[in-house]
Structure formats: structure tokens, C-alpha cells
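Engineer: One structure, pasted below without further comment.
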Amino acid sequence: MVLIPAMVQRVPGMVGYIIDSFIITGATVVIVTVTAAMGGFAFTRLRFPGRELIFWTIVATLFIPSTTAIAALYIQLFEMRLLDTQLGLILVYSAWHLAIGLLIMRGIYSTLPGELEEAARLDGASMWQVLWRIYFPLARGGAVIVALMTFVFAWGEYMFAFTFAGTDVVPMSLGIRFFEPGPSDPDYTFNTAVAAALIMFIPSIVIYLIFQRQFSKGVMEGALKG
């Protein structure tokens, strides 16, 4: 079979693609999950001017087609010298997926009784301790949902990666195009591309299987509380 030699020849490149994907995806998941946990708490428990306006303005970005933001993002990354860098994609992915994370976490925090905060404050707990020691453990299922959704988005995202990277930084979603059949590779068939695509999907499947119980628990908690 020509599949094995064709794949073996491209193993070094594939390893680089996977490393880029893990770095970009892992950093994005951490940033979005932590920021959504803190932001969701702030928009639920803290009182400040314009809270609802700011929150719903952020949520409204979910309705903006990604294609309409490419030009502005490209100019911004160019001016910041972050084109074709891991940090550039991390910032774009984090900003683009933060709104859904805030929406989920705020929805879960809003179902928790305010008496928890009042009791903790009477015991001398700071707002930071109230968040991480009381509210976040109770909302952990929602955080798992945010993390899994962010992982799937960042791992398989193509359009931003194609526009803002592709030379020095090549995530797996973009690198898979180098496994497409072509006239310059007579031994490189469609089966090779399918094998590469399968390898790309394995991490998402493994992550879901590991956190399946927490994901299901978070979904059920959200459904029951909603």
C-alpha cells in the first residue's frame, strides 16, 4: 500500500502541526475558561454602572459573521506584529469564543443563591475567595462545557488559521491541506488525506471521552436549573 510510505514521509511535518495545535488550543482553552469563570461571576454578583449593557454588547458579538471581522483583525495583528504567530491565533480564538463562555457561566452563576456570598462575606471571605472557593466549585460542570466547546472550536478552526498563519505556524486544521492528493505526489492518494483527518479528530474524541461524565452533568444541571 502507498498509504504507509506517504504518511511516513510527512510524519515530521505532522508532528509540528500537532504541536502548534496543542499549544494554541491549550492556551485558548485556559484563557477562555478562566476569563469566563471570572467574568460570568462579575456580571452576576458585582454591581457596577452599565453592567447589563456591557454584557449584552459582548454577547451580541456572537451574531457577527466571522468573515466580516477578518480584515480588521488582519490589520490589527499586522500592526502588533502577531501575524503567523501562535500568540496571534491564541488572542483571536480567545476573543472570538469568550462571549459564549461568559453567557454559559453567567447563566449558571445566576442560578446559585446569593445567600452563599452573604454567608461567606460574614465569615470574612474576600470576593476572590467567594468566587474560587464557593461559586466556581458549584459551577464546575459549566466550566467543563466551556472548556470542551472551546477545545473543539480552536482545534478544528480553519478560516482564521488560513488567513493569519500558514508559514511559521501551521495548526493541524491548516496542515491537513498538505495531505491532499496532487499530481506532484503520484503515491499520495485520497486515503492518505483521510488518515490525516482521522488523526486530527482523535484528540477531540479522547478529550470528550475523558470528560464525558462532567460534560453530561453540566448539561443536566443547566437544563434542570433553567
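The values are calculated or read from the model by the stated rules, or taken from the named source; none is laboratory data. Keep in mind the model is a prediction, meaning the values are calculated, not measured. Cβ sites come from the backbone with ideal geometry, for glycine too, and all protein chains shown count toward neighbours.
Engineer: Please count how many residues of segment 59-80 are closer than 12 Å to residue 163 by Cα and surrounded by 12 or more Cβ atoms within 10 Å (Cβ to Cβ).
Structural biologist: Looking only at that region, the number is 7.
Engineer: Still on this structure, I have one more. Just give me the residues in segment 117-140 being among the aliphatic types (A, V, I, L, M) and more than 30 Å from the chain's Cα centre (by Cα), in sequence order.
Structural biologist: Across segment 117-140, the qualifying residues are 119, 120, 122, 125.
Engineer: Across segment 157-185, which residue is surrounded by the fewest Cβ atoms within 10 Å (Cβ to Cβ) among those that are modelled with pLDDT under 90 and part of a helix (DSSP H, G or I)?
Structural biologist: Of everything passing the filter in segment 157-185, 177 is surrounded by the fewest Cβ atoms within 10 Å (Cβ to Cβ).
Engineer: Under 9 Å by Cβ, and 6 or more places apart or on different chains, what pairs join a residue from segment 93-119 that is under 24 Å from residue 61 (Cβ atoms) and free of Cβ contacts under 8 Å to residues at least 60 places away in the same chain with one that is hydroxyl-bearing (Ser, Thr, Tyr) and part of a helix (DSSP H, G or I)?
Structural biologist: Every condition considered, the pairs that remain are 95/61; 99/61; 100/150.
Engineer: Hey, any hits in segment 186-208 for a residue that's part of a helix (DSSP H, G or I) and modelled with pLDDT of 90 or more?
Structural biologist: no
Engineer: Only one of these conditions is not met by residue 63: (1) more than 15 Å from residue 105 (Cβ to Cβ); (2) modelled with pLDDT of 95 or more. Which number is it?
Structural biologist: Single failed check for residue 63: (2).
Engineer: Filter segment 125-152 down to the residues that are of a type in the set (Gly, Ala, Ser) and in a helix (DSSP H, G or I), then identify the one that is nearest to residue 93 (Cα to Cα).
Structural biologist: Across segment 125-152, the extreme among qualifying residues is 147.
Engineer: Output the residue which, of all residues in segment 1-21 that are modelled with pLDDT of 80 or more and more than 17 Å from the chain's Cα centre (by Cα), is surrounded by the fewest Cβ atoms within 10 Å (Cβ to Cβ).
Structural biologist: 15
Engineer: Out of the residues in segment 33-58 that are of a type in the set (Ser, Thr, Tyr) and within 29 Å of residue 129 (Cβ to Cβ), state the one that is surrounded by the most Cβ atoms within 10 Å (Cβ to Cβ).
Structural biologist: Applying the filter and picking the extreme gives 33.
Engineer: Return the only residue of 90, 24 being at pLDDT 95 or above, touching a Pro at 6+ places or on another chain (Cβ under 8 Å) and either among the hydrophobic types (A, V, I, L, M, F, W, C) or surrounded by 13 or more Cβ atoms within 10 Å (Cβ to Cβ) (or both).
Structural biologist: Criteria check complete, one pass: 24.
Engineer: May I pose another question? Would you check if there is a residue in segment 58-74 being touching a residue at least 40 places away in the same chain (Cβ under 8 Å), out of contact with any strand residue (DSSP E or B) (no Cβ under 9 Å at 6 or more places or on another chain) and under 30 Å from residue 117 (Cα atoms)?
Structural biologist: Within segment 58-74, one or more residues are touching a residue at least 40 places away in the same chain (Cβ under 8 Å), out of contact with any strand residue (DSSP E or B) (no Cβ under 9 Å at 6 or more places or on another chain) and under 30 Å from residue 117 (Cα atoms).
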